[in-house]
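First the structure, in the form of structure tokens, and then the observations on it.
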Amino acid sequence: MSSPIELNIDHVANLARLALTPEEKAEFAQQLGDVLHHIEQLSKVDVSQVEATAHAFPVYNVWAEDVAQPGLPVELALQNAPAQRNHMIVVPKVME
Amino acid sequence: MNYEAVIGLEVHVQIKTHSKVFTRVAAGYGQPENTLTDPVVLALPGVLPVMNKAALDAIIKAGLLLGCEIAPICKWDRKNYFYPDSPKNYQISQYDQPICVGGRVEIELPGSARNVMGEHTHIALTRIHLEEDVGKLNHFAHDSLVDYNRAGTPLMEIVSEPVIRSAEEAYAYLTSLRATMIYGGISDCDMEKGQLRCDANISIRPVGETRLGTKVELKNLNSISFVRDGIEHEIKRQIAVVQSGGTIVQETRDYDGMTGTSQSLRTKEMAHDYRYFPDPDLMPVKVDAAWKARIQTECPELPFDKQRRFLTQYQIPYTLTSVLIWDRALANFFEQAAKLCGRPQAAANWIVNDLLRELSHAQVALADSKVTPAHIAELVALVDSGTVTNNAAKEVFVDMAATGDKPGVIVERKGLKAETNADELEGWCRESIAANPKALAEFKAGKESAINAFKGPVMKAAKGKANPKLVDETLHRLLAQA
Amino acid sequence: MPLYFRTLTELADQLAAKTITSTELTQAVIARTKAVDFQVKAFNSFDEADALSQAAASDTRRAAGQARGPLDGIPIGFKDVIAVAGQPLTASSKMLANFISPYDATVTQKLKQAGAVCWGRLNLDEFAMGSSTENSAFHTTRNPYDLERVPGGSSGGSAAALAAGEAIATLGSDTGGSIRQPAALCNVVGLKPTYGLVSRFGLIAFASSLDQIGPFTRTVEDSALLLRAIAGHDERDSTSFKTEIPDYRAALQEKPGPWRIGIPKEYFGEGLDPEVAAAVQKAVEYYKSIGCEIKDVSLPHTEYGVGVYYIIATAECSSNLARYDGVRYGHRSKEAKDILDVYFKSRAEGFGPEVKRRIILGTYVLSSGYYDAYYLRAQKVRTLIRNDFLEAYKSVDVILTPTSPTPAFKRGAKADPLAMYLCDVYTIGVNLAGLPGISVPCGFSRGGLPIGMQLIGQPFREADLLAVANAYDAPHAWGKKTPTL
Ligand SMILES: [Mg+2]
Ligand SMILES: [Zn+2]
């Protein structure tokens, strides 16, 4: 099956912040084309009178009272950091 | 050709809560880096958000104060974009079902003079929604350091309709909005601490045109004056572009308040695709009448309503009200003092002129003031009864601001009680009248105020301790005979 | 029967009777793991010393008369997506290869509270995306009944470890069948509870509206025991439901049936392996023989399940996995020169092909201009699928289907993603509808491969579902049969 023209894989990969090799792009475009083709069948269903299900069992007003609890000690908070300095996460310079 | 500006403001206001909006670690400002985090704030694998009830109460209050419709049901959406200050790389926000819809902010435009009330009008709101704040980036020469203390702080986004017409109106809008939030106890709105942040969408069009021009988003307007300056600058920039034959590009620009310049951050082509969708981790919120009613009872009178009441109820001048109303505590202080002494104008004068001056000299907040409404009332009574002169009362005020002693105690301690020896006083009055025949003639001719010319020499002779009320009475009696 | 192959229930009784100690049991499990895991490869990691110290603590409690109940001292393995403080949490991804969790999942806390020995990190398809455990970034787990075949997935490590005697029970997670399908392929009982019955706090999210943690056990009775320990409302999971947690094990006896069992014709059509069909049919006959009423029901929107699932699950995963960006934790590319590099390259290096595929698909279906056509429509069809089940439950108590269309397939047999996705055709509807589903062993193929049947229950009525399942499982006890390794 051919890939649907709409799936602009470069654009989508950019949104997803995912670098893909040319091989991956070609492979994914073909495979996802098949999947999207399978998904096409949903357009047969008349959903005009149907509400969307966002939660299997929706309940309202699930919250907690505003009472502060202890958090993570900074050492534990940063224990998995790829790079840190002065108790902060280091990233390459961000231009705003 | 004449151009008019069309401005819409997006204001982010941090809500003052103990804990964050979707987890219970403490929210706060000025703490050591990354000490206000937990697995949820850091978006560690496996964590889930839980709503903060107090943040919902606060935004409902904001909505009621601003006349919004509170949506019976609202929900949570994810706004997806990558940025290192955003731990999940999506922000939990509200997209198509915000909690507050519509509403308006009352503003006052500048009057014709400082003591003249300006025109009042309303800026319509589109919506207010609740979302979470991001962390903070600190930039260094070669890298940036991320602190997530701020991440997850509850944030209200207040979106105005594009109905603001000038930088002046934007300034008035923010002033009023800020006061409303502070009045409601919703936020401290300290712009230096980032508790209130403003972005402006600005376009221009020829006067008479009804379609909107291409809008430019102006970011990082981090003080109310910068908002005004930035908008003014942007309007001028756009007019200059159009007049020189150019076209406005839809873009986001960064305004630098220090240099008064702006530069492009990104154009429409680079605009985000946020891929909003309902957050499956959070349940929707249903606000019923009882909840709204409960919050309604916590809603204070707003500044401009207070001002209208002060003008009619206390008959005090506009200039005094326009100082008193912007600070809820100050307005309350005034009302207590006014009630205690029954002399609103005198109380207002002491508060606006002397109390604020002393507080600012000593860098003391009103809440920590040693001067109480009772002090003010007692001082007004001492002046009215002629126990102290106005000049002496000024001295008493400075003393009580510093010591917190009662005015009567200070008068005793400093020996500031007015001179009341009637014979001596009458002698000084006679001498003063005799020394100023010109003023006597004017008084006789019906110029009542000429009497004041005799008072100075009397006070001088009395070394400032003459009872002003008695001086006035004595002079009137002698002048009637003269 | 060696200790490591006994049921949780038996072992609980023996620990209570002090005929064995937790240390002996844990040592037996550790020894068994060391003996067979080089073949099965169910574990990503285990911490022998830590497990033994937990076991010793349990024995001390018991000696002091302070045992905490039936799970005290029982070694339970964790799918490597459930957080245990101080232990690795990898999701079988290079992205998290070096990640140590600083916190406990709610189920972990509950099991620790119950005295269980938290034992080992079990392999899975990377980020729970797959049906064969071949998508693990570390190694492929083998089916203990045939090492050339897959154990199913994504909780393949949890199913295989239990089947091979490397744990007494395990925890998995199920988004579209990831507990039930590997359970069926490995001859164990796998339960996916009602969405909201078990807290998801501390479970690495794949698709938040579908994910649910559940137990792998050798018998339905064991499942009832373990479910009770992990179920219950959690303030840290807003989607967890406030409902009474009954004594599921006691309910097995209290609910004797007979039941009305629905057979949906849509689950017995094209693509179903005849040996699987025959085994499931035999189970149906058994239920009939004990007086159950067997009724045909229809779930007309079944054919849309896979499509709906792959839209919703990938959309949610594209957002859930955005946090793996190389900034705060996880893999950061050594090639990254600017912040965009950190994102693009770390994610390119850290994620495997199936994860990338799903992120791309999910990003696409949410992107500007496509949301209504894909995501919103899928959410609506999801409603129809759910309504199908609710309609069926007007006339039946449970629904019985095959768990997987085929027994375990050979490694590498399903290179085509769509073919792999269709493995979940019978299990996906349960997640979309939020229902409880259990896979119970119901026989073997002529080639000696396990076959499972699925029983689907009504929301939050796990007590009924387990009772129905137990009525078959207790007398058959296929799960007590062990593989030769
Ligand atoms: Mg906005
Ligand atoms: Zn915002």
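The values are calculated or read from the model by the stated rules, or taken from the named source; none is laboratory data. Everything quoted here is computed from the prediction, not taken from an experiment. Quick reminder, even Gly has a Cβ in these numbers, built from the backbone with ideal geometry, and neighbours come from all protein chains shown. Please note that ligands, DNA and RNA were not included when accessible areas were found on the heavy atoms of the full protein model with its side chains. Shrake-Rupley method; radii C 1.70, N 1.55, O 1.52, S 1.80 Å.
Values computed for the structure shown
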| item | result |
| --- | --- |
| Alpha carbon convex hull of the stretch B:303-414, volume per residue in cubic angstrom | 89 |
| Chains A and B together, accessible area buried on both sides, 1.4 angstrom probe, square angstrom | 3500 |
| Protein accessible surface hidden between C and A, which excludes ligands and nucleic acids, total in Å², probe 1.4 Å | 5000 |
| Where only alpha carbons of chain A are counted, the Rg and the Dmax (Å) | 22.6, 58 |
| Directionally averaged shadow of the stretch C:93-247, computed from the convex hull of its alpha-carbon atoms, nm² | 8.6 |
| Net charge, residue B:57 excluded, C-beta distance under 13 Å - Lys, Arg +1, Asp, Glu -1 | +2 |
| 12 Å Cα-Cα reach of residue C:192 towards aspartates and glutamates, excluding residues that sit fewer than 8 places from it in its own chain | C:174, C:211, C:462 |
| Rounded FRET efficiency, nearest 0.05, which uses the C-beta distance separating residue B:18 from residue C:278 and R0 of 56 Å | 0.35 |
| Inter-chain Cβ neighbour average for residues C:333-340, partner chain, 10 Å | 4 |
| Rounded to 10°, Cα long-axis angle of helix A:22-39 versus longest principal axis of chain A | 60 |
| Protection proxy ranking, peptides B:225-231, A:21-27, average beta carbon neighbours within 10 Å, highest first | B:225-231, A:21-27 |
| Prolate/oblate/rounded label for the stretch B:224-330 (Cα gyration tensor, a/c 1.5) | oblate |
| Percent breakdown of C-alpha pair distances by 10 Å bin, ordered from the shortest bin, for the stretch C:369-485 | 12, 34, 32, 18, 4, 0 |
| Out-of-range pairs (alpha-carbon distance over 31 Å; input B:136/B:370; C:356/C:410; A:44/B:53; B:16/C:112; B:406/B:447) | B:136/B:370; A:44/B:53; B:16/C:112; B:406/B:447 |
| Whole-angstrom Cα spans of the stretch C:145-214 along principal axes, big to small | 34, 21, 18 |
| Debye intensity ratio in log₁₀ form over the Cα atoms of the stretch B:422-481, taken at each q of 0.17 Å⁻¹ | -0.46 |
| Fraction of accessible area attributable to carbon and sulfur, the protein assembly as shown (%, probe 1.4 Å) | 51 |
| Orientation-averaged projected area, Cα convex hull of the protein assembly as shown (nm²) | 54.4 |
| Average accessible area per residue (Å²) across the stretch B:3-294 - probe 1.4 Å, nucleic acids and ligands excluded | 37 |
| Compactness of the stretch B:120-277 - radius of gyration and Dmax, Cα, Å | 17.0, 51 |
| Most to least accessible of B:163, B:40 (protein chains only, probe 1.4 Å) | B:163, B:40 |
| Value of Rg to Rh for chain C (Rh from inverse mean 1/r over Cα pairs, i.e. Kirkwood) | 0.95 |
| Neighbour-limited loop hits for trypsin sites (Lys or Arg not before Pro), the stretch C:230-326 (at most 14 other Cβ within 10 Å; DSSP other than H, G, I, E, B) | C:242 |
| Fraction of beta bridges assigned by DSSP in chain C that are antiparallel (%, nearest 5) | 65 |
| Which listed pairs, of B:20/C:242; B:215/C:380; B:306/B:339; C:345/C:380; B:61/C:380; C:394/C:480, have C-alpha distances above 26 Å, in listed order | B:215/C:380; C:345/C:380; B:61/C:380; C:394/C:480 |
| Loss of accessible area when B meets C, both sides summed, Å² nearest 100, probe 1.4 Å | 2700 |
| Per-residue mean of C-beta atoms belonging to partner chains within 10 Å, peptide A:29-36 | 5 |
| Heavy-atom accessible area ranking, 1.4 Å probe, most first, across C:6, B:114 | B:114, C:6 |
| Diffusion constant of chain B at 4 °C, which comes from Stokes-Einstein with the Kirkwood Cα-pair radius and 1.567 mPa s, µm²/s | 49 |
| Total formal charge among the other residues, if their Cβ is under 15 angstrom from that of residue B:396, Lys/Arg +1 and Asp/Glu -1 | 0 |
| Listed residues B:126, B:247 arranged by accessible area, highest first, probe 1.4 Å | B:247, B:126 |
| Efficiency of FRET between residue C:97 and residue B:413 - r from beta-carbon atoms, R0 56 angstrom, step 0.05 | 0.10 |
| Efficiency of FRET between residue A:41 and residue B:212 - r from beta-carbon atoms, R0 56 angstrom, step 0.05 | 0.85 |
| Segment residue C:395-residue C:340, length gained on full extension (0.36 nm per residue, minus Cα span) | 14.2 nm |
| Unsatisfied cross-links (Cα-Cα over 23 Å) in the set C:94/C:334; B:394/B:460; B:268/C:337 | B:268/C:337 |
| Principal semi-axes in Å for the stretch C:303-380 [√(5λ), Cα gyration tensor, largest first] | 29, 12, 9 |
| 10 Å Cβ neighbours from other chains, averaged over peptide A:38-46 | 6 |
| DSSP-assigned coil residues among GluC sites (Glu not before Pro) in the stretch B:111-208, each with at most 14 further Cβ atoms within 10 Å | B:119 |
| Environment charge at residue C:24 (Cβ cut-off 13 Å; Lys +1, Arg +1, Asp -1, Glu -1) | +3 |
